[in-house]
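Submitted below is the structure of interest, expressed as structure tokens.
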């Protein structure tokens, strides 16, 4: 094998590793945007559906622009990564929508009724914290 063909083979392997690394970075970013991974900078999970959609769109663009230049493994990696992110996107979007629908109902159920505790008259020996009032 000549040195030129060896260099070309090494370059192809390096390119393949860089593509895998890029796809994994984008996948991790998408999962963070979907709240599936903890954001290391903030130490908590947050959902950003627009950011996740951007990552998915970026991976789809990369796949379409690289079409014909990917080997079977690279094609499979991109396809599986996109599919996984899309499924997680749908799951997260539905969960977020359900949270928004439940939130108003929860606020009504969690509302603390106003206390109607009659203050004890000055000099009264009774302890007002044990006095009950049922709105009468």
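The values are calculated or read from the model by the stated rules, or taken from the named source; none is laboratory data. All figures in this text were calculated on a predicted structure; none of them were measured in a lab. For neighbour counting, all protein chains shown are included, and Cβ atoms are generated from backbone atoms with ideal geometry for every residue, glycine included.
Residues 93, 98, 52: which one is in contact with a strand residue (DSSP E or B) (Cβ under 7 Å, 6 or more places away or on another chain) and assigned to a helix (DSSP H, G or I)?
52
Still on this structure: Taking interchain pairs and intrachain pairs at least six residues apart, which have beta carbon atoms under 6 angstrom, with the first residue in the stretch 3-20 and on the phi > 0 side of the Ramachandran plot and the second modelled with pLDDT under 90 and part of a helix (DSSP H, G or I)?
none
Here is a follow-up. For residue 108, are the conditions met, namely being in a helix (DSSP H, G or I) and modelled with pLDDT under 90?
It is true that residue 108 is in a helix (DSSP H, G or I) and modelled with pLDDT under 90.
Name the residues in the stretch 1-27 that are surrounded by fewer than 10 Cβ atoms within 10 Å (Cβ to Cβ) and in contact with a helix residue (DSSP H, G or I) (Cβ under 9 Å, 6 or more places away or on another chain), would you?
The answer is 1, and nothing else.
How many residues does the stretch 49-74 contain that are in contact with a helix residue (DSSP H, G or I) (Cβ under 9 Å, 6 or more places away or on another chain) and either more than 26 Å from residue 92 (Cα to Cα) or at pLDDT below 95 (or both)?
6
Follow-up question, since we're still on this one. Collect the residues in the stretch 28-43 that are in a loop (DSSP other than H, G, I, E, B) and surrounded by 14 or more Cβ atoms within 10 Å (Cβ to Cβ), keeping them in residue-number order.
Listed by number, the residues that qualify are 35, 36, 37.
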